[in-house]
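The next block holds one structure in the form of structure tokens; read it before the comments.
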Amino acid sequence: RAQKGQLDINKENFRLNTITQHTLDVLKSSAEAKGVSLYLTSALDPIVYGDQEMLSTVIRNLINNSIKFTKQGGEVRVSIEKDGDDYVVSIKDSGVGLSADKIDTLFIPGSSNASSLGTQGEKGTGLGLLLCKEFVDVNGGKLYVESSEGKGSHFWFTIPEGTVLPALST
């Protein structure tokens, strides 16, 4: 439905830290079970404009992937920064990383190279990152990746700043 432009999009202003912290709370037990540390490093509590459910899915998928591909004793760091009229959500891990060839095929539908087993044999469909890209795109942002084999991965995306609406006066 995303590729056909048939998604129901419900854009609104919302607090980005709320969904980010909730996602970390939900994924904390799976990270602890693997011995992976999770960190949220942000002094900001921004209001952004987008579809909260879609962006929550993006954050959850990216953090879950980082946990999946990080070995015991590793870490996943999530941060939020301001960049012009956008906010940037960044997920960095100390995981196994990706080759340049793998990065080139991450966002190509039907790529035979899209899915890999996690560090403890966790399976995936290879569709998560495609969905993340679609969701970020329809919300007016961009999704980026940098990675090196054996040195971890860095995924980040932009989301437009929201508007604080003044209280209505009577």
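May I ask you to verify whether T57 is assigned to a helix (DSSP H, G or I), in contact (Cβ under 8 Å) with a residue 24 or more places away in the chain and open to solvent by less than 70 Å² (accessible area, probe 1.4 Å)?
Taking the combined requirement at face value, the residue satisfies it.
Rundown of residues vs (1) in contact with a His (Cβ under 9 Å, 6 or more places away or on another chain); (2) assigned to a strand (DSSP E or B); (3) at pLDDT below 95, yes/no style:
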residue: K123; (1), (2), (3): no, no, yes
residue: C132; (1), (2), (3): no, no, yes
residue: G140; (1), (2), (3): no, no, yes
residue: Y144; (1), (2), (3): yes, yes, no
residue: S147; (1), (2), (3): yes, yes, yes
residue: H154; (1), (2), (3): no, yes, no
residue: T158; (1), (2), (3): no, yes, no
residue: T163; (1), (2), (3): no, no, yes
residue: L168; (1), (2), (3): no, no, yes
Exercise for review: Looking only at region 6-52, count how many residues are free of Cβ contacts under 8 Å to residues at least 60 places away in the same chain, among the polar types (S, T, N, Q) and not in a loop (DSSP other than H, G, I, E, B).
Suggested key: 8
Point to revise | Test for L127: is it at pLDDT below 80 and hydrophobic (A, V, I, L, M, F, W, C) | key: yes
**Study point:** Subset of region 62-84 [part of a helix (DSSP H, G or I) and either modelled with pLDDT of 95 or more or buried (at least 22 other Cβ atoms within 10 Å of the Cβ) (or both)]
**Key:** L62, I63, N65, S66, I67, K68
Check your understanding: Going through region 90-108 one residue at a time, which ones are over 14 Å from F157 (Cβ atoms), aliphatic (A, V, I, L, M) and not in a loop (DSSP other than H, G, I, E, B)?
Key -> A100, I103
Exercise for review: Kindly establish whether I47 is of a type outside the set (S, T, N, Q), surrounded by 15 or more Cβ atoms within 10 Å (Cβ to Cβ), closer than 20 Å to I159 by Cβ and modelled with pLDDT under 95.
Suggested key: yes
**Study point:** Subset tally (residues that are surrounded by fewer than 19 Cβ atoms within 10 Å (Cβ to Cβ) and at pLDDT below 85) for region 90-99
**Key:** 1
Point to revise | Flag if Y87 is of a type in the set (F, W, Y), in a strand (DSSP E or B), open to solvent by 50 Å² or more (accessible area, probe 1.4 Å) and in contact (Cβ under 8 Å) with a residue 24 or more places away in the chain | key: no
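The values are calculated or read from the model by the stated rules, or taken from the named source; none is laboratory data. Just so we're clear, the structure is a prediction, and the values are computed from it rather than from any experiment. Cβ coordinates were reconstructed from backbone atoms using ideal geometry, including for glycine residues, and neighbour counts include every protein chain displayed. Note: accessible area is taken over every heavy atom of the protein model, side chains too, but ligands, DNA and RNA are not part of it. Shrake-Rupley method; radii C 1.70, N 1.55, O 1.52, S 1.80 Å.
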